[in-house]
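Chemist: The structure's right below; bear with me while I get my questions together.
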Amino acid sequence: MRSSPYRLASGPIKDPWERREAWRYTGQFSRFNRMKGMFPGLGLGTAAFVAYCIYEKLGEPASHH
């Protein structure tokens, strides 16, 4: 199990490679920033689908069979 990169400020590190790995989990490489770009266009596509569903329900006249 990996330890938190915030452990760097708490004192000496026993694992010499942990300091070199810490950059992967901070700043622009944080979990939030990595997940943010995972599904490009999902928000726009969802908004377009919702707008279409609203138009279909309210905008079109009901056809009588």
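Chemist: Please go through the range 40-65 and pick out each residue that is within 26 Å of the chain's Cα centre (by Cα) and loosely packed, with under 10 Cβ neighbours inside 10 Å.
Modeler: Pro40, Gly41, Leu42, Gly43, Leu44
Chemist: Would you be able to say whether some residue in the range 14-32 is surrounded by 10 or more Cβ atoms within 10 Å (Cβ to Cβ), of a type in the set (Gly, Ala, Ser) and at pLDDT 80 or above?
Modeler: Yes, the range 14-32 has at least one match.
The values are calculated or read from the model by the stated rules, or taken from the named source; none is laboratory data. Being a predicted model, the structure only gives us computed values, none of them experimental. Cβ sites come from the backbone with ideal geometry, for glycine too, and all protein chains shown count toward neighbours.
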